[in-house]
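Visitor: One structure, as structure tokens, below. Some questions next.
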């Protein structure tokens with residue numbers, strides 16, 4: 001495979017059939033790429049494709065969060081082209097794109113089984129800054145059933161000021177992000193006693209998935225009350241799932257009791273950060289991986 005056989009360009013509408021085929025072969029056909037690719041082509045992110053001998057074989061995306069902060073996602077290589085270093089080439093291209101445009105802080109998340117991505121990114125300066133449990137309830141109508149009295153839940157429209165990382169699907173948005181509410185459409189804050197919980201439309205599957213973007217408080221009864229309200233909303237709106245990323249150390253009992261389960265195990269999602277300035281937060285300097 002010669003150097004001249006690999007090039008990069010923005011993804012185009014005519015690439016959609018290829019991307020759908022890649023999605024069908026990823027994560028047992030449940031990859032979100034097929035649902036978002038068309039919108040990503042039109043938005044303000046950089047949705048890049050990698051071509052081998054003129055044929056699109058993979059992609060990756062940079063999503064701006066703030067003038068100096070960007071999110072990396074959707075690194076994909078079709079199964080037939082894997083094992084040839086193309087994932088490393090795609091990562092190097094995206095990283096170079098970010099550094100050339102002045103992004104100093106880069107973030108991405110990945111599943112614990114994604115050993116190739118971890119192997120590529122850790123040596124070039126990314127460090128793990130968070131661990132989460134990917135939880136999902138696929139039967140909202142069944143999960144909201146409860147026994148005994150349930151505390152009152154108050155709902156307030158809008159995203160409150162929260163000095164914490166918020167999640168929507170696999171995207172984690174830091175408090176420094178500009179217009180952070182755009183990543184949490186139709187946000188509502190649920191309150192029960194000492195517990196607050198933010199629910200919103202899932203960014204990738206807004207019609208079918210209700211997202212729990214953040215919560216605080218450890219009162220089991222109040223958490224259960226907010227979760228039941230989230231499930232009621234999902235059922236009333238005809239959604240088939242409720243999803244959240246629970247930070248490591250979260251007591252999962254109240255979630256499991258209402259039908260929320262992880263994919264394979266708890267604490268299965270890793271959040272990574274790379275900083276371009278080695279003097280900032282003790283990080284090593286980011287540098288593109290070698291091809």
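The values are calculated or read from the model by the stated rules, or taken from the named source; none is laboratory data. Here the structure is a predicted model, which is why all the values come from computation and not from measurement. Cβ coordinates were reconstructed from backbone atoms using ideal geometry, including for glycine residues, and neighbour counts include every protein chain displayed.
Visitor: Residue check: is residue 95 out of contact with any strand residue (DSSP E or B) (no Cβ under 7 Å at 6 or more places or on another chain) and over 20 Å from residue 114 (Cβ atoms)? Don't jump to the end; show me each part of the working.
Guide: Working: out of contact with any strand residue (DSSP E or B) (no Cβ under 7 Å at 6 or more places or on another chain): yes; over 20 Å from residue 114 (Cβ atoms): no.
Taking the combined requirement at face value, the residue does not satisfy it.
Visitor: Let me confirm something: among 61, 76, 128, which residue is outside any helix (DSSP H, G or I), touching a helix residue (DSSP H, G or I) at 6+ places or on another chain (Cβ under 9 Å), surrounded by 16 or more Cβ atoms within 10 Å (Cβ to Cβ) and modelled with pLDDT of 95 or more? Before the answer, list the steps.
Guide: Working: 76 fails: modelled with pLDDT of 95 or more; 128 fails: surrounded by 16 or more Cβ atoms within 10 Å (Cβ to Cβ).
The match here is 61.
Visitor: Separate question: Quick one: would you say residue 219 is closer than 17 Å to residue 192 by Cβ, touching a residue at least 12 places away in the same chain (Cβ under 8 Å) and either more than 23 Å from the chain's Cα centre (by Cα) or outside the structural domain of residue 169 (by TED's automatic domain parsing) (or both)? Outline the logic, then answer.
Guide: Details: closer than 17 Å to residue 192 by Cβ: yes; touching a residue at least 12 places away in the same chain (Cβ under 8 Å): yes; either more than 23 Å from the chain's Cα centre (by Cα) or outside the structural domain of residue 169 (by TED's automatic domain parsing) (or both): yes.
Yes: the conditions hold for residue 219.
Condition check ((1) closer than 19 Å to residue 172 by Cβ; (2) outside any strand (DSSP E or B); (3) outside the structural domain of residue 181 (by TED's automatic domain parsing)) across all residues:
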position: 38; (1), (2), (3): no, yes, yes
position: 48; (1), (2), (3): no, no, yes
position: 71; (1), (2), (3): yes, no, yes
position: 83; (1), (2), (3): no, yes, yes
position: 91; (1), (2), (3): yes, yes, yes
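Visitor: I've got another one for you. Go through (1) free of Cβ contacts under 8 Å to residues at least 40 places away in the same chain; (2) under 30 Å from residue 224 (Cα atoms) for residue 68 and report which single condition fails.
Guide: Status for residue 68: all satisfied but (2).
Visitor: Looking at 234, 230, 213, can you tell me which residue is within 24 Å of residue 128 (Cβ to Cβ) and in the same structural domain as residue 139 (by TED's automatic domain parsing)?
Guide: Numbers: 234 fails: within 24 Å of residue 128 (Cβ to Cβ); 230 fails: within 24 Å of residue 128 (Cβ to Cβ).
Of the residues listed, the single one that is within 24 Å of residue 128 (Cβ to Cβ) and in the same structural domain as residue 139 (by TED's automatic domain parsing) is 213.
Visitor: What about residue 41, is it touching a residue at least 12 places away in the same chain (Cβ under 8 Å), touching a strand residue (DSSP E or B) at 6+ places or on another chain (Cβ under 8 Å) and closer than 20 Å to residue 110 by Cβ?
Guide: Details: touching a residue at least 12 places away in the same chain (Cβ under 8 Å): yes; touching a strand residue (DSSP E or B) at 6+ places or on another chain (Cβ under 8 Å): yes; closer than 20 Å to residue 110 by Cβ: no.
Judged against the criteria, residue 41 is not a match.
Visitor: Report whether or not residue 217 is at pLDDT 95 or above, within 20 Å of residue 109 (Cβ to Cβ) and surrounded by 12 or more Cβ atoms within 10 Å (Cβ to Cβ). Steps first, answer last, please.
Guide: Numbers: at pLDDT 95 or above: yes; within 20 Å of residue 109 (Cβ to Cβ): no; surrounded by 12 or more Cβ atoms within 10 Å (Cβ to Cβ): yes.
No, not satisfied.
Visitor: From the list 70, 34, which residue is at pLDDT below 95 and under 20 Å from residue 203 (Cα atoms)? Give the steps one after another, and end with the answer.
Guide: On the way: 70 fails: at pLDDT below 95.
Matching residue, one of 70, 34: 34.
Visitor: Could you pull out the residue among 160, 175 that is touching a strand residue (DSSP E or B) at 6+ places or on another chain (Cβ under 6 Å) and assigned to a loop (DSSP other than H, G, I, E, B)?
Guide: Values: 175 fails: touching a strand residue (DSSP E or B) at 6+ places or on another chain (Cβ under 6 Å).
Of the residues listed, the single one that is touching a strand residue (DSSP E or B) at 6+ places or on another chain (Cβ under 6 Å) and assigned to a loop (DSSP other than H, G, I, E, B) is 160.
Visitor: What single numbered condition from (1) under 24 Å from residue 116 (Cα atoms); (2) without any contact (Cβ under 8 Å) to a residue 40 or more places away in the chain; (3) outside any strand (DSSP E or B) fails to hold for residue 22?
Guide: (2)
Visitor: Would the range 194-205 turn up any residue that is part of a loop (DSSP other than H, G, I, E, B) and more than 20 Å from the chain's Cα centre (by Cα)? Steps first, please.
Guide: Taking the range 194-205 first, the residues part of a loop (DSSP other than H, G, I, E, B) are 194, 202-205.
Still in the list and also more than 20 Å from the chain's Cα centre (by Cα): 194.
Yes, the range 194-205 contains a residue that is part of a loop (DSSP other than H, G, I, E, B) and more than 20 Å from the chain's Cα centre (by Cα).
Visitor: Would a scan of the range 207-218 turn up a residue that is assigned to a helix (DSSP H, G or I), within 20 Å of residue 159 (Cα to Cα) and out of contact with any helix residue (DSSP H, G or I) (no Cβ under 7 Å at 6 or more places or on another chain)? Before the answer, list the steps.
Guide: As a first pass, look at the range 207-218 and keep what is assigned to a helix (DSSP H, G or I): none.
For the range 207-218, residues assigned to a helix (DSSP H, G or I), within 20 Å of residue 159 (Cα to Cα) and out of contact with any helix residue (DSSP H, G or I) (no Cβ under 7 Å at 6 or more places or on another chain): absent.
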